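Below is one structure; the comments refer to it alone.
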Amino acid sequence: MTPAQRRKRIANFNKKGKKRSVFRLLALGAVALFVLYLALTTKYWSSQEKLSMAVASPDGGIVVSVLDPQNGEITNIMVPKNTQVEASRELGTWKIKSIWALGVNEKLGGRLLKDTVLKNFKFPVSVWADKGAFGFASGDTLGVLKAMFFPYDTNLRMGDRLRIGIFSLGLANSKRTDVDLTKSGYLKKTKLTDGEEGYVLSGKIPKDLLVVFSDPEISRLGLKVNIKDASADPSVAQEVAEVIEVMGAKVAAVTKEPKTSSDCRIWGSGFFAKDVARLLSCKLEKERPQGRFDLELEIGEGFAARF
């Protein structure tokens, strides 16, 4: 090979190397942008309104954490593991400590925990998470960081986890309140169906807890709801009405409709309609609600079977 041929070959090799380097940089840039997109994308929390989460506790119970960005507070409601509840989807009577495993066995995951809390306690929880998210409630720095970045089962997106973590880390201990549900008057100690001592629900949700969950903006707007009951089970409409009123709205009417096998649909607009649709996993229609109502909710037999 002559010197000229050697120089030409080296020049061609350098050109190919530069092209490969540019391609690698572009690929890395695309991956970085995708990771940034995932980190910034949220599904459940915009850092503007209250968010309620049902999280499995390391001791076998659960904690319902309510994030309140307007007042800069987190309230953690502790539910003991030996609390007896009716599992959603007509899956029977269980202690709360067994609901997570039941959800896994039924291939429902943590959604069963969320829906069971919704059905029994009337707490409007839209987020569920395994005990890996308990750090958000505890507030210690290491625990929060683990909840932000470590893998665990949850319906939170990474963007949600980052926002919740930043919010939690920024709170002083005085802005973090733990509520023992056994001392709230909402639970009573008794002998359970399995013969062991434990807790069952007693009466309506206490006013002290209503304040924790109620959204002041919903109350200020005086939003009115009509529930169109096509489920043939009046108790389901009543339970749903209780959840909606805990959120701060007023259920102005429950209208009995011909029975249908459908799930649920919502007519409404704005953040409240989106929150209720997400909370109950209902289809949000484009049309406006009829009459004087701000939101209309239709529930059928399909919804009653899974509630």
Residue hits (the range 270-301; in contact (Cβ under 8 Å) with a residue 60 or more places away in the chain, basic (Lys, Arg) and farther than 26 Å from Lys114 by Cα) are Arg292
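Mind telling me which of the residues Lys107, Lys119 ends up being part of a loop (DSSP other than H, G, I, E, B) and surrounded by fewer than 23 Cβ atoms within 10 Å (Cβ to Cβ)? Please lay out each step first, then the result.
Values: Lys119 fails: part of a loop (DSSP other than H, G, I, E, B).
After ruling out the rest, the residue left standing is Lys107.
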Of the residues in the range 67-92, those that are part of a strand (DSSP E or B), in contact with an Asp or Glu (Cβ under 6 Å, 6 or more places away or on another chain) and among the polar types (S, T, N, Q) come to Asn76
Among (1) open to solvent by 20 Å² or more (accessible area, probe 1.4 Å); (2) over 19 Å from the mean Cα position of the chain (by Cα); (3) touching a residue at least 12 places away in the same chain (Cβ under 8 Å), Thr83 falls short only on (1)
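Of the residues Leu145, Leu201, Leu187, which is at pLDDT 95 or above, open to solvent by less than 30 Å² (accessible area, probe 1.4 Å) and of a type outside the set (Gly, Ala, Ser)?
Answer to the selection: Leu187.
To keep it simple, each residue is scored yes or no on (1) acidic (Asp, Glu); (2) at negative phi; (3) at pLDDT 95 or above.
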residue	(1), (2), (3)
Ala252	no, yes, yes
Pro258	no, yes, yes
Asp263	yes, yes, yes
Phe271	no, yes, no
Ala304	no, yes, yes
Taking first residues from the range 123-135 that are outside any strand (DSSP E or B) and second residues anywhere that are of a type in the set (S, T, N, Q) and surrounded by fewer than 22 Cβ atoms within 10 Å (Cβ to Cβ), the pairs with Cβ under 7 Å that are 6 or more apart or on different chains are Asp130/Thr154; Lys131/Ser57; Ala133/Thr154; Phe134/Ser57
Of the residues that make up the range 205-212, is at least one open to solvent by 30 Å² or more (accessible area, probe 1.4 Å), part of a helix (DSSP H, G or I), in contact with a helix residue (DSSP H, G or I) (Cβ under 9 Å, 6 or more places away or on another chain) and under 29 Å from Glu73 (Cβ atoms)? yes
In the range 87-98, anything open to solvent by 40 Å² or more (accessible area, probe 1.4 Å) and under 21 Å from Lys183 (Cα atoms) is listed as Lys97
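Checking the structure you have, find out if any residue of the range 241-260 is touching a residue at least 12 places away in the same chain (Cβ under 8 Å), closer than 19 Å to Val212 by Cα and part of a strand (DSSP E or B).
Keep residues of the range 241-260 that are touching a residue at least 12 places away in the same chain (Cβ under 8 Å), which gives 241-244, 246-260.
Going one step further and asking which of them are closer than 19 Å to Val212 by Cα, we end up with 241-244, 246-250.
Checking which are part of a strand (DSSP E or B) leaves us with 250.
Within the range 241-260 (the criterion being touching a residue at least 12 places away in the same chain (Cβ under 8 Å), closer than 19 Å to Val212 by Cα and part of a strand (DSSP E or B)), the answer is yes, since at least one residue qualifies.
The values are calculated or read from the model by the stated rules, or taken from the named source; none is laboratory data. Values in this document were obtained by computation on a predicted structure and should not be read as measured data. With ideal geometry, Cβ positions are generated from the backbone for all residues, glycine too; neighbour counts draw on all protein chains shown. Areas reflect the complete protein model, heavy atoms only, side chains present, ligands, DNA and RNA absent. Shrake-Rupley method; radii C 1.70, N 1.55, O 1.52, S 1.80 Å.
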